[in-house]
Every structure is written in structure tokens, then in C-alpha cells.
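Notes for the one structure printed next.
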Amino acid sequence: MEWIEIFDISLLRSLLRSTAPIAIVGMAAAICSAAGVLNIGLEGKMLNAAFAGVAASYYTESMWAGLVSCRSHSRNYDSSFVWLTFIYTRCR
């Protein structure tokens, strides 16, 4: 087996599939940085929303329910941090 046989199209597909979520989070971090906002919790938000989506799709056996759960969980997760930050800064 030659070393060139390792680098076939399936390796490229798996590389793109596994690096796409991290690349999207990296682009979001770059946008936040350009806007002047330090957001160090992007990877945690991504993992939390992904877990909610997988759990919902497992229990409901529906891909669409998992997608909706992932998106709504991500939105609620972000808005809860906004409200907690507002309340914390308001009390000081």
C-alpha cells in the first residue's frame, strides 16, 4: 500500500465534514472581534446546542425536531446570557 492511496476523496469528505462546525465558529469569532465584542464562549454554545439537538432527535426520532431544538436552544441560551448580563450590570 502506497502512501498516496491514503489520500482519496473519502479523506477529503471527512475532513470537510469534521472541520465545518469549527470553521463556522471561527468566522463568528472573527465577526465578534471586528465588532469589538469579546466572545470566548462560542465553542461552548456550539456544543451545548449540538447536544440539545442530538438529544431531541434521539427521543423524538425526528431530524426536524432535533434541528428546531438545536436552533431554539441556541437562541434561548444566548438570550438568557443577555438578560443575566443586563441584570448584573443594572444592579451594580
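Here, each number is a calculation from the coordinates, and none is a lab measurement. Keep in mind that this is a model prediction, so the values were computed, not measured. Neighbour counts are summed over all protein chains in view; Cβ atoms, including those assigned to glycine, are modelled from backbone coordinates with ideal geometry.
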- prompt: Hey, what does the equivalent ellipsoid look like for the chain, semi-axes from the Cα gyration tensor as sqrt of 5 times each eigenvalue, largest first, whole Å?
  reply: 34, 21, 8
Global geometry of region 12-60, whether rounded, prolate or oblate, following the gyration tensor of its Cα atoms and the 1.5 cut on a/c: oblate
Cβ crowding within 10 Å averaged over residues, with 67-78, 9-20 ranked highest first: 67-78, 9-20
- request: Could you pull the Cα extents of region 41-92 along its three principal axes, largest to smallest, in whole Å?
  value: 46, 17, 12
- prompt: Which of ALA49, ALA65, ALA34 moves most in a GNM of the chain, Cα contacts under 10 Å?
  reply: ALA34
